[in-house]
Amino acid sequence: MRWLVVGAAGMLGQDLVPLLEARSHDVVGIDRAEVDITDPASTTNLVDGFDVLVNVAAYTAVDKAESDEAAAFAVNAVGPANLARAARAAGARMVQISTDYVFDGHADQPYDEDAPIAPRSAYGRTKAAGEWAVRAEAPDHLIVRTAWLYGQHGPCFPRTIARVAAEKGGLDVVDDQVGQPTWTVDLSDLVERLVAAGAPAGTYHGTSAGQTSWFGFAQAAVAAAGMDPGIVRPTTSEGFVRPAPRPAYSVLGHGALAAADVVPIRGWEAAWSEAAGAVLG
């Protein structure tokens, strides 16, 4: 199977491309240096000759998007629309990576894949628009929402926490935002398995099982770095006001995976135990 990965230089792309190659797929990875996905002319014949297009390119500066929503919209909505049209023209399946930020974060039980979306931030609005565009332009699509993503090949929460803890000897981390830390390797594996299984077109949730708070994840990161997790102190979101609102509850359900006979991602603690060494370096 021939795959095209757009956004291959990013944290997820750098794990997805080698995983696909290891599973004997023919893979081409491209990034901003090779194509401007916001330009329709640049994407017109981009997908010709490929069986699968995976779009992992995104504008992910959540706070900056609040003051520059147009730039975020160009990458997160216009770009996927252009790619979706190219995928449809080429007869390729499209996989679009999306986010928990399309929800309002006010739930008290895991969000189903068909739960109403209500993004509260510019980033969430632009990613929701990207989902809509892909559904409209590429009937053969898999939209995979993820959350709290971390990996070896880019800035991420656990690496930052371990560094700050070592530098300052302690830190405060919010304990009232709950989600599912998800390793880029596990998400890459899920994407490949979804396509290999011929999963029906639709929306799926690509997050680890279980849940924790940022405080809980920070304690796990500090412990993995060989420090006392007690140096991480719990605090509330009121102490860390930022331009973009953060979802208080980002736990996603995995019913669509079960319905498609695709095994969901393992629990976040087991994944972190395996990932920590590489992620923390």
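The values are calculated or read from the model by the stated rules, or taken from the named source; none is laboratory data. Treat the numbers as computed from the prediction; the structure is a model and nothing was measured. Cβ: placed from backbone, ideal geometry, glycine included. Neighbour counts: every protein chain shown.
Number of residues in the range 1-33 that are over 16 Å from VAL75 (Cα atoms), touching a strand residue (DSSP E or B) at 6+ places or on another chain (Cβ under 8 Å) and assigned to a loop (DSSP other than H, G, I, E, B): the value is 4. Of all residues in the range 64-85, those that are small (Gly, Ala, Ser) and more than 17 Å from the chain's Cα centre (by Cα) total 6.
Within the range 23-31, identify whether any single residue is buried (at least 16 other Cβ atoms within 10 Å of the Cβ), touching a helix residue (DSSP H, G or I) at 6+ places or on another chain (Cβ under 7 Å) and not β-branched (Val, Ile, Thr), and answer yes or no. Checked against the condition, which is being buried (at least 16 other Cβ atoms within 10 Å of the Cβ), touching a helix residue (DSSP H, G or I) at 6+ places or on another chain (Cβ under 7 Å) and not β-branched (Val, Ile, Thr), the range 23-31 yields at least one hit. Inclusion of ALA84 among residues that are in contact with a strand residue (DSSP E or B) (Cβ under 9 Å, 6 or more places away or on another chain), outside any strand (DSSP E or B) and in contact (Cβ under 8 Å) with a residue 40 or more places away in the chain is warranted.
Checking GLY154, GLY124 one by one, the residue that is closer than 29 Å to ALA218 by Cα, in contact with a helix residue (DSSP H, G or I) (Cβ under 7 Å, 6 or more places away or on another chain) and not basic (Lys, Arg) is GLY124 and no other.
Against the definition (closer than 25 Å to ALA71 by Cα and free of Cβ contacts under 8 Å to residues at least 24 places away in the same chain), how does ILE117 come out, yes or no? Yes: the conditions hold for ILE117. Within the option set ALA271, ALA275, ALA258, being at pLDDT 95 or above and over 20 Å from LEU19 (Cβ atoms) holds for one residue only, ALA258. Close Cβ contacts (under 6 Å, 6 or more residues apart or on different chains) running from residues in the range 159-175 that are on the phi < 0 side of the Ramachandran plot to residues that are exposed (fewer than 14 other Cβ atoms within 10 Å of the Cβ) and at pLDDT 95 or above comprise ASP172/ARG233. Checking each residue in the range 220-253 for being among the aliphatic types (A, V, I, L, M) and in contact (Cβ under 8 Å) with a residue 24 or more places away in the chain picks out ALA220, ALA221, VAL222, ALA224, ALA225, MET227, ILE231, VAL232, ALA244, ALA248, VAL251, LEU252.
Every listed requirement among (1) part of a loop (DSSP other than H, G, I, E, B); (2) surrounded by fewer than 17 Cβ atoms within 10 Å (Cβ to Cβ) is met by ALA70 save one, (1).
Count, please, the residues in the range 212-241 that happen to be over 25 Å from the mean Cα position of the chain (by Cα), modelled with pLDDT of 95 or more and at negative phi. Spell out the reasoning first.
The first filter runs over the range 212-241 and keeps only residues over 25 Å from the mean Cα position of the chain (by Cα), leaving 226-235, 238-239.
Right, trim to modelled with pLDDT of 95 or more and you get 226-235.
Remaining after also requiring at negative phi: 227-235.
Total meeting the criteria: 9.
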